[in-house]
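No lab work stands behind these numbers, since they all come straight from the coordinates. Values in this document were obtained by computation on a predicted structure and should not be read as measured data. Here the Cβ positions follow ideal geometry from the backbone for every residue, glycine too, while neighbour counts run over all protein chains shown.
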């Protein structure tokens, strides 16, 4: 676990201990998804800028809804969510539809 501080414009910064479970890829990803020590989730947009948009959620579906409401499900958002499915069972459960 690492300590993170996400600086946000006009609202309090987010401080938490956790790990990155999904990114949009590349050397400076614009979208990141974290899982906190308390098993909550943090969604971050514009992650490669000093001030970014970020919010915390109890469940993975809140992260997906946040991305949809803020920017739509862009390719960067989908890449971060896909990455999170390989690191978190909660994301895998909501993003992959199982058919019997």
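Each Cα pair under 8 Å and six or more residues apart adds its sequence gap; the mean of these over the residue count of region 2-93 is a relative contact order of 26 percent. Between residue 87 and residue 19, the modelled label-to-label distance comes to 0.8 nm, taking each label 7 Å out from Cα in the direction of the beta carbon. Between the alpha-carbon centres of region 79-94 and region 1-56 there is a gap of 16 Å. Computed from the alpha carbon positions, the gyration tensor of the chain leads to an equivalent ellipsoid with semi-axes of 21, 15, 12 Å, biggest first. Available extension along the chain between residue 98 and residue 40 is 18.5 nm, counting 0.36 nm per residue and deducting the alpha carbon span.
For the pair residue 2 and residue 61, the difference between a 0.36 nm per residue extended length and the Cα-Cα distance amounts to 18.9 nm.
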